[in-house]
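Okay, so here's the structure we're looking at.
The values are calculated or read from the model by the stated rules, or taken from the named source; none is laboratory data. The structure displayed is predicted, hence computed values, not measured ones. Backbone-built Cβ (ideal geometry, glycine too); neighbour counts: all protein chains shown. All accessible areas refer to the heavy atoms of the entire protein, side chains included, with ligands and DNA or RNA removed. Shrake-Rupley method; radii C 1.70, N 1.55, O 1.52, S 1.80 Å.
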Amino acid sequence: MKIQWKKLIISIAVPLAVGGLSALLTKNGMQSFETISKPPLSPPAWIFPVVWTVIYVLMGAACYIVWTTQQKEQNALFYYGIQLFFNFFWSIIFFNIKNYLFAFIWLLMLLAAIIAATVKFFQTKRSAGYLMIPYIIWVTFAGYLNLGIYLLNR
């Protein structure tokens, strides 16, 4: 199978741009993140951009696989777009608005959207679904952190 470079670059650039713009819009909120109480197992702040970058690249690769597969599961890329929407706004709700409870609820909707996209990706091409699993794990962990922060800082 020949790599379609333009589609691959677009597929990886889109989630990186979504994450990058969201991070840019929330950079001031990250400063106050250092001062709030966090639950056990909270990683240092520098871990977040590293993990998110890896996850965005994996998401992009999964998207590319689905995009270039002849027989796509209906709506697979639609669900992918929905989860990108929820992903973009979560950090704004959490870091800028600092509404930790609403951010947790939003994160649950994000997780549901990721799972729906992952199921569709698995139905299209198993390798694409597998590439989404680290994202599900990380967002589940983020849910634990988000809920813990809400409970410790209300």
Going by the structure shown, is residue 77 more than 20 Å from residue 29 (Cβ to Cβ) and in contact with a helix residue (DSSP H, G or I) (Cβ under 9 Å, 6 or more places away or on another chain)?
yes
Report yes if residue 131 is out of contact with any Pro (no Cβ under 6 Å at 6 or more places or on another chain) and under 24 Å from residue 27 (Cβ atoms), otherwise no.
no
Please find, within the range 132-150, the residue that is least open to solvent (accessible area, probe 1.4 Å) out of those that are over 20 Å from residue 32 (Cα atoms) and not aliphatic (A, V, I, L, M).
135
Residue count, the range 105-131, condition in contact (Cβ under 8 Å) with a residue 24 or more places away in the chain, under 14 Å from the mean Cα position of the chain (by Cα) and open to solvent by less than 40 Å² (accessible area, probe 1.4 Å), comes to 7
Would you point out the residue of the range 60-83, among those that are open to solvent by 30 Å² or more (accessible area, probe 1.4 Å) and assigned to a helix (DSSP H, G or I), that is nearest to residue 115 (Cα to Cα)?
79
Based on what the data block shows, is residue 88 out of contact with any Ser or Thr (no Cβ under 7 Å at 6 or more places or on another chain), assigned to a helix (DSSP H, G or I) and either aromatic (Phe, Trp, Tyr) or modelled with pLDDT under 95 (or both)?
no
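One line per residue, one yes/no per condition, for (1) assigned to a helix (DSSP H, G or I); (2) open to solvent by 40 Å² or more (accessible area, probe 1.4 Å); (3) of a type in the set (Lys, Arg):
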site: 16; (1), (2), (3): yes, yes, no
site: 21; (1), (2), (3): yes, yes, no
site: 29; (1), (2), (3): yes, no, no
site: 32; (1), (2), (3): yes, no, no
site: 36; (1), (2), (3): no, no, no
site: 50; (1), (2), (3): yes, yes, no
